[in-house]
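Below you'll find the structure, written out as structure tokens, and then a few comments.
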Ligand SMILES: [Zn+2]
């Protein structure tokens, strides 16, 4: 499509990079479309945040979208809350939450027996409330997950988590500094935990559950502060297509529009065709579309080599041809490596490819961690990505005269 000749799609495959055991999932996957784009374009290796630094998905995406995390990252909670469509104002504090099962003050299941989304939704009614002069808003998302926002004056994110991250005693929230704000926030969190604990224990939905969802555990405290939008900073309009709340939240934080795609779930069953079609359609209204696919990272965390390979093959077959036909520049990379053998993020670089009409090529013909090391982009950094895109679509401002 000629109308897209100065547009770009940035596809971020979460946890893309891996280690060879003896081959990487990317090397093993059948991916003729990704290989063709690598052959027709330029490739390289990307250090998403800094070389050898192990990135979180949150800090990495901020960096890839041009927002230095040391300045713009204020914790995970607000990004999750924004991703759930919750309203946040300057000074608000937010947490990620888990429905959990607690017995005699001890967490015996951090996911409340893998509670389903429908039951969690029913339990979530009436859990928002006013405590002192703070409006406490709760929203559940998928299964045990959710977010909590504290709206009000004099709050601080510098408080400890109530989630012990393992089975054992629940942590009381206490302030991590001597400020009045941290003391107030901890007091409100503890009161909220106490009230909701009582409500949940009495809820009819919990009566028949072997593992009742009788407590909300809090983690990932952060504060919200409005940042200059992506358009203000880079002079182009951008939209996001994603399933996971975090990625939608990051986009909203940066003032990007989020395209809601039915079937985009953020898990292995996500509708990749629908996401790719929505990304291409969005090019009519935006200069750049950021499309996110989560499941390769989840497979990496599970140590599931076969699952990661299969997901890469699905992306290749179902999404890449649609993106390619758009006529826009295509940039494909990851936000970090999640090697299956480590079941965790690592600081290894991730492959990147850039392909589009009139662009340069190199001698690389395959898209994987080893082949892309030979590519013409060399070793690039997350903070280069926005400038790479601006240059591709001829929207870069000249530096000097
Ligand atoms: Zn990630």
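Here are the numbers for the structure shown:
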read-out: Lone qualifier among 94, 38 - being under 30 Å from residue 209 (Cα atoms), in contact with a strand residue (DSSP E or B) (Cβ under 8 Å, 6 or more places away or on another chain) and surrounded by 18 or more Cβ atoms within 10 Å (Cβ to Cβ); value: 94
read-out: Residues of region 330-341 satisfying the condition of being crowded, with 16+ Cβ neighbours inside 10 Å and more than 8 Å from the ligand (Cβ to nearest atom); value: 330, 331, 332, 333, 337, 339, 340
read-out: Meets criteria (over 30 Å from residue 54 (Cβ atoms) and either modelled with pLDDT of 95 or more or surrounded by fewer than 19 Cβ atoms within 10 Å (Cβ to Cβ) (or both)) for residue 287; value: yes
read-out: Only one of 232, 205 that is assigned by TED's automatic domain parsing to the domain that holds residue 159 and either assigned to a helix (DSSP H, G or I) or modelled with pLDDT under 95 (or both); value: 205
read-out: Of all residues in region 41-72 being without any contact (Cβ under 8 Å) to a residue 40 or more places away in the chain and surrounded by fewer than 20 Cβ atoms within 10 Å (Cβ to Cβ), the one that is nearest to the ligand (Cβ to nearest atom); value: 69
read-out: Filter result (surrounded by fewer than 22 Cβ atoms within 10 Å (Cβ to Cβ) and within 15 Å of the ligand (Cβ to nearest atom)) within region 245-267; value: 267
read-out: Residues located in region 102-117, provided they are under 17 Å from residue 143 (Cα atoms) and outside any strand (DSSP E or B); value: 110, 111, 112, 113, 114, 115, 116, 117
read-out: For residue 372: the one exception among (1) in contact (Cβ under 8 Å) with a residue 12 or more places away in the chain; (2) more than 16 Å from the ligand (Cβ to nearest atom); (3) more than 19 Å from residue 384 (Cα to Cα); value: (3)
read-out: Test: residue in region 301-324 that is in contact (Cβ under 8 Å) with a residue 12 or more places away in the chain, buried (at least 22 other Cβ atoms within 10 Å of the Cβ), within 14 Å of the ligand (Cβ to nearest atom) and not in a loop (DSSP other than H, G, I, E, B); value: yes
read-out: Single residue of region 5-35 satisfying the filter (under 20 Å from residue 390 (Cβ atoms) and surrounded by 22 or more Cβ atoms within 10 Å (Cβ to Cβ)) that is farthest from the ligand (Cβ to nearest atom); value: 7
read-out: Selected residue [at pLDDT below 95 and in a loop (DSSP other than H, G, I, E, B)] from 363, 358; value: 358
read-out: Leading residue by the ranking (modelled with the lowest pLDDT) among those in region 268-284 that are crowded, with 20+ Cβ neighbours inside 10 Å and assigned to a loop (DSSP other than H, G, I, E, B); value: 270
read-out: Residue 348 being over 18 Å from residue 31 (Cβ atoms), part of a strand (DSSP E or B) and within 15 Å of the ligand (Cβ to nearest atom); value: no
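The values are calculated or read from the model by the stated rules, or taken from the named source; none is laboratory data. Predicted model, so just to flag it, every value in this text is computed and none were measured. Neighbour counts are summed over all protein chains in view; Cβ atoms, including those assigned to glycine, are modelled from backbone coordinates with ideal geometry.
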